[in-house]
Amino acid sequence: MTNRSLPLLAVALAASTVFTGATPALAHLSPGEHGSFAAGFTHPLFGADHILAMVAVGLWAWQIGGKAVFVVPAAFVVTMIAGFALALTGVSLPFVEPAILASVVALGLLVALAVRLPLGPSAAIVAVFALFHGYAHGGEIGTATQAAYGLGFALSTAVLHVCGIAIGWAAGRLGSSLTLSRVLGGITALAGLALISG
């Protein structure tokens with residue numbers, strides 16, 4: 001093993017931990033005890049499906065490059081907030097959980113295959129999935145204050161997107177960006193299938 005491959009292995013191990021949704025086995029935070037913002041911020045961090053999809057969005061945006069690095073994650077966050085609003089207004093959205101699980105597989109495959117689409121279709125794809133993720137957050141708001149809770153999960157979602165972008169950037173610095181990102185995409189898709197079958 002060369003000196004150059006050691007940091008690559010370290011990045012791969014750290015990234016695979018993120019991509020396989022290794023999170024503490026804790027319940028969602030109570031808004032009454034921790035505050036609505038904290039409850040919202042941590043909400044996406046307690047679900048492997050959310051983590052996998054959101055990091056994959058960032059990594060796919062990095063693969064596409066250019067304006068997509070900003071536009072694709074922004075499209076996810078904005079549409080996720082719209083899905084959150086739909087849930088709060090009582091609009092019925094079918095197949096929420098199946099769509100969220102499908103997003104993990106689909107986004108993982110987009111990364112694994114290094115699919116490069118024009119900016120508009122790329123943003124539209126993540127926006128469709130984001131609607132369901134946002135709706136799920138809204139369905140689990142409990143006693144939290146809407147604005148603070150929404151701001152919390154929107155911010156943590158953006159952080160997860162940045163994690164995906166950072167993984168792509170770090171892999172690029174090590175000279176094997178495409179290979180590593182595609183492997184992580186495959187891991188994500190397989191993890192999504194495991195979640196579906198589980």
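Expected output is a single nm value to one decimal: the length gained when fully extending between Ala82 and Val115, i.e. 0.36 nm times separation in residues minus the C-alpha distance. What is it?
Values: separation 33, 0.36 × 33 = 11.88 nm, distance 2.63 nm.
Taking Ala82 through Val115 to full extension adds about 9.3 nm, to one decimal.
Tell me the Kirkwood radius of region 41-197: reciprocal of the mean inverse pair distance over distinct alpha-carbon atoms, in Å. Mind dumping the intermediate values first?
Values: mean 1/r = 0.0655 Å⁻¹.
Answer for region 41-197: a Kirkwood hydrodynamic radius of 15.3 Å.
How would you rank 96-102, 127-133, 179-185, highest first, on the average number of other Cβ atoms within 10 Å across their residues? Display every interim value, and only then the final one.
Details: 96-102: 17.4, 127-133: 22.7, 179-185: 20.6.
Output ranking for 96-102, 127-133, 179-185: 127-133, 179-185, 96-102.
Between region 134-194 and region 57-131, what's the alpha-carbon centroid distance in Å?
That distance is 10 Å.
Just so you know, all these numbers are worked out from the coordinates, no wet-lab data involved. Just so you know, these numbers come straight off a predicted model, no measurement behind them. Here the Cβ is made from the backbone with ideal geometry for all residues, glycine too, and neighbour counts use every protein chain on show.
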